[in-house]
Amino acid sequence: MLELSQIQSNILREYRHGTAPAFVHFIFLRFGDATDARALIKTLHPMVTSCADVDEGVHSVLNIGLAYPAVEMFGHGGDARALNERDDEATGTIEAFKCGMRARAVKILGDDEDSDPEHWEEPYAKGRLHAVLCLNAHTREKIKTNLDLVGAALKKYPSIERVRDEAAADFGGERAGTEHFGFADGIAQPSVLDAGEPNYAGSGTPGKRRGWEPVKTGEFVLGHLDESGQVQFRSEFFKDGSFMVFRKLQQHVGRFREYVSEMAARKGVDPELVSAKMVGRWKSGAPLMLSPKKDDAKLAADLDRNNDFRYEDDREGKRCPIGSHIRRNNPREDPTGPGTIQTSKHRIIRRSTPYGTRLPDDAADDGEDRGVLFVVINADIARQFEFVQQNWVNSVLSSTALTLPADRDPLIGRQRGGDEAGKFLIPTAKRGTRPIVAWGLPRFVTTRGGEYFLLPSLDTLHHIGQNTRPPVDPEGCDASDGSSHTEPAAEAQPPPEPVEPESLPEPTAATTETIPAAEAAPTAEAAPTAEAAPTAETTPTTEATPADSASTEVE
Amino acid sequence: MTVPTKLDTKVVMDPSEPPEPSDPRVRPATVQEVATFGLTRRGFSVGAGVASTAALVGCRKSFAPEPPRAQQRREARRLARSKRRAARRGEPEPGRTYTHTKGARTFTMRAKIIPGQYRSLRALLDDPDHNPFKKSAVGIHYARLFATDEHTLYFMVIYDNYLAAFDFLGANAEGVDEVLGHCEGYPGASDKAALRTYVAANLIDIQLFYRAYNTAQASVRDALTLRDEFLKFLRDTDGASEAALRERYAEFLSDPHMRNYDRDRGNDVAEHQLTSSQSVGLARMGPDSVAPFTMLARLHDDKVKKAKRLLRLGTFATIDLGARPLKNLPTLHFARVSIVNGNYMLFASVYDGDFMQYVEDFGTRIAKQIDTIFGACVGYPKAGAADVFQFKDFLAARQIPTNAFGGGYLARSLLQIQSSLKLTDCLGGFTRRVDAQHRRLVPKLDKFLHRHHALLT
């Protein structure tokens, strides 16, 4: 069973269309030293909301994400490293998390040309970020109050640099839940096993007959059983956490509208149809598979129906083109493409909120910056987010039908210019009519920045704040225990000592409280190298007093 | 397919390759092909009969390490014909082109590294700037070089014509000699006769050879170019008037690749100087292209025999018995399996794109069949290939880095190749029926596009 009070609220709550918070604010931080960082986390910890809090009615939430440099700074790099050596499968994730998004942007995520990290915005383009504070609320006042609180907390720690703020807000009114191109966003979301959310038809994995199975918890929450039947990330540090991908995506609205209307005019069809074919849904969110001829607002509003479809009757893509955005990113049981098993291993929870002002319907492009702040929640960045981005959006969709050898996602894919420009094929069901080919697709979405973060469990945040170690899971893997206690400074120390001394002095609740975090931390940070070869010590800090007190207490 | 009873019946290895009754002088395929065929479950008695006959005439064990002589002779005849034609027209004499050979074949050469030279060879191979396959080559699909820890160097090539492989080595003598010079008894690539003897002496058996398409490299390249041209034609005529369409269509019909295709069908169109019939450079692979995978895995001693038999039966790749699991992999171009050193399985394949995607295709599409082959390996995951992550670890742990890899069309995916070949085929029929003056050109073209829309994506 999931401990919902441990899991940060933005992992499993309020991500569906209609429930998503209207106001979103991200504060990106760079830490100067670990003491202040720990103290900040300690201060903010009571404010951090869990899924259980949201269930109790808290709707203005604060979540904390840590990038790898911060994890390293807090001395938990060992957990990640141990994982890296021990757990082959997790290697991909840790590798991705360690490198950060910028290092993997060009080769894996397909961010080239305009989207190249060289052209990214300032804090993303240079250096590494350390942490992100995510504030979500349903009203403007609430988010303002929370922002003030967080701002006041941040001011107390001068070494922490508030690098950048990103704010986004839903359009509200009749455009609530849509993005700049005009489409309803966030409809097909996975429903997660045991998450305590309703399992709408179509949101899980297609079952044998008509039913839909919820996706296994381990696909989104670390330390739980995942679709492959394994439990990755058993170490207490990661358990109940998740990985968050943040991406700032700029949308070229003018370009999109212009292209669509030009294509429609040339082929003599409705522009709405062309754009709907590109996405796979009408603007209201009604899927083409269920309503192929016209938009259907009633269908779109019905959460139990608007996602309840499969592609088995549409092998040729005559209703929903095989290359369309939704069919690529969630192929379900697509008989021509990746099957159920393959799809279920690459699901992601998405949450995106538009930033910038909305371009009025008939207005020409005003050159303003607008787009979405896009967040992905997944347990394995390499296997889920990066895989989808690399293989399904930007490359050959593995498929046994002779389809899509060269084309990319028409909406968010990377496109080449000139002769190599992508195209998008819209087959027609009417006999004897040639398919519509949308030639020379430009790039509609440009990446402006992004980073990978870990959303630790509330306990882990508590331990980081207190500068203590989470207790070792008795069922956890030994190898991880062995090295999870190594300090970053203790790298030189060759083999981690046998497990016995470590498992003994487990800090009990009492010891945890007695160690003053603010005092313990600075020495750990300031003199890590000075202590040349610290013997396999019990507590993370190499400083004498807390270590002594801990060991004496145990004895 | 009929079961051959006599050795002089033409036996077709691959069902996609139609028999050619038109040329009775063609010598039958090599004896071992007959034997391989006979041993399938078509009927053991027939198989046994053929096998025993094959044994009498000296059956070779592997697929096609020797040049099929018929192929060579056909090539020679064609060359003579085009020479005569050139002489008649006063054109320069054409060289050997290999355009007309049928389908891809492969050999694997294993050479022993001279004691004491392994490290220097390793250093040479691991140098990322070192590329032994610099020069162009005709009729070579893919080639690769790698060294294993047993101080052995492997050279694998997929070719259209056996001799093309030596032309290729000869052309790259400089880089190849540098590498193969570390091997015992290597005579140097410039001396072709000696090289052939050397290669023939060092060939190893290939137990299984799978090809997703059975077309000569030049034809593949022709098809790819033709598809590009056709898409360009469609794009240019998008929304154009009928007159403009007819004009552009006539232009497209005169496209040398289109006519080159016709020539393959026996139309007497003069040979054109085409980029695709020209030499093809072997480039080093980029991030967005075809990739090689090589694996050396130890087999359980008691399972070697069974694995060999299973592979030799060939049901996995070569013979159509309705069960060709590898055909279900949309990213696998070629695969070869050999048993080397007694109990090691050497698996080498050419695939598209991302490794994870490739492994998942194995694990989700043909897990059972893969289990029967790889299940004989030590350390194979208990749950089989269906456990994708364990299976990936299994493959990754046994992978051998491929030190040099080159190919004729590295930037093209398998789906692209397959749809190009199919489109070329369909277009051949269409253009024969509908010419630029056809009264109902536009509706005909619309209908054609509607029907074959999947080939255009």
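The values are calculated or read from the model by the stated rules, or taken from the named source; none is laboratory data. Owing to the predicted nature of the structure, the values given are computational and were not obtained by experimental measurement. Counting neighbours? That spans all protein chains shown, and the Cβs are built from the backbone with ideal geometry, glycine included. Heavy atoms of the whole protein, side chains included, go into the accessibility calculation; ligands, DNA and RNA do not. Shrake-Rupley method; radii C 1.70, N 1.55, O 1.52, S 1.80 Å.
List of remarks:
- Sequentially through the range B:152-161, phi angles give Karplus couplings (6.51, -1.76, 1.60; θ = phi - 60°) of 10, 10, 10, 10, 10, 9, 10, 10, 8, 9 Hz, Gly and Pro residues having no value and appearing as x.
- Alpha-carbon centroids, the range B:419-457 and the range A:1-42: separation in whole Å: 57
- Separation of the A:GLN230 and B:ARG451 label points, Cα + 7 Å toward Cβ, nm: 4.9
- The accessible-area loss of the range A:217-232 on complex formation, taken against its chain alone with a 1.4 Å probe, reaches 40 Å² or more at A:GLN230.
- Kirkwood-type radius of the range B:356-449, with distances r between different C-alpha atoms, in Å: 17.4
- Between A:ARG140 and A:GLU174, full extension at 0.36 nm per residue minus the direct alpha carbon distance yields a gain of 10.5 nm.
- Residues of the range A:93-124 buried by at least 20 Å² on assembly (accessible area, 1.4 Å probe, chain alone as reference): A:LYS107
- Couplings 3J(HN,Hα) of the range A:303-310, computed from phi: 4, 7, 10, 5, 10, 8, 8, 10 Hz, in residue order, whole Hz [Karplus 6.51 cos²θ - 1.76 cosθ + 1.60, θ = phi - 60°; x for Gly and Pro].
- Å² per residue, accessible surface of the range A:205-300 at 1.4 Å: 39
- Accessible surface of the range A:1-46, 1.4 Å probe, proportion on carbon and sulfur as whole %: 55
- Accessible surface buried upon A-B contact (total; probe 1.4 Å; Å², nearest 100): 3800
- Shielding by partners - mean other protein chain Cβ count within 10 Å, residues of A:428-437: 5
- Counting only protein chain heavy atoms and rolling a 1.4 Å probe, the accessible areas of A:LYS345, A:LYS144 rank, largest first, as A:LYS144, A:LYS345.
- Under the combined filter of DSSP loop state and at most 15 neighbouring Cβ atoms within 10 Å, the range B:344-419 retains these trypsin sites (Lys or Arg not before Pro): B:LYS382.
- Those residues of the range A:356-388 whose amide nitrogen sits under 17 Å from the label point placed on A:ALA103, 7 Å along Cα→Cβ: A:381-383, A:386
- Long-range HN-HN contacts of A:LEU222 with modeled amide H, under 5 Å: A:ASP240, A:GLY241, A:SER242
- Size descriptor for the range B:127-174, Kirkwood hydrodynamic radius: 11.6 Å (Cα pairs only, one decimal).
- Apportionment of accessible area to carbon and sulfur, the range A:108-171, percent (1.4 Å): 52
- Gain on full stretching of the segment that runs from A:GLU56 to A:ASP304 - 0.36 nm per residue minus C-alpha separation: 86.8 nm
- Per residue accessible area in Å² of the range B:138-202, where ligands, DNA and RNA are left out and the probe is 1.4 Å: 29
- Accessible surface computed residue by residue for the range A:315-460, with neighbouring protein chains in place and a 1.4 Å probe, gives 28 Å² per residue.
- Residues along the range B:208-242 losing 40 Å² or more of accessible surface when the other protein chains are present rather than the chain by itself (probe 1.4 Å): B:ARG235, B:ASP238
- Compared with the rule-of-thumb size 2.2 N^0.38 Å for a compact globular protein, the range A:182-305 has a Cα radius of gyration ratio of 1.39.
- Note on A:LYS430 and B:GLU178: the model spin-label points, each 7 Å out from Cα along the C-beta direction, lie 6.2 nm apart.
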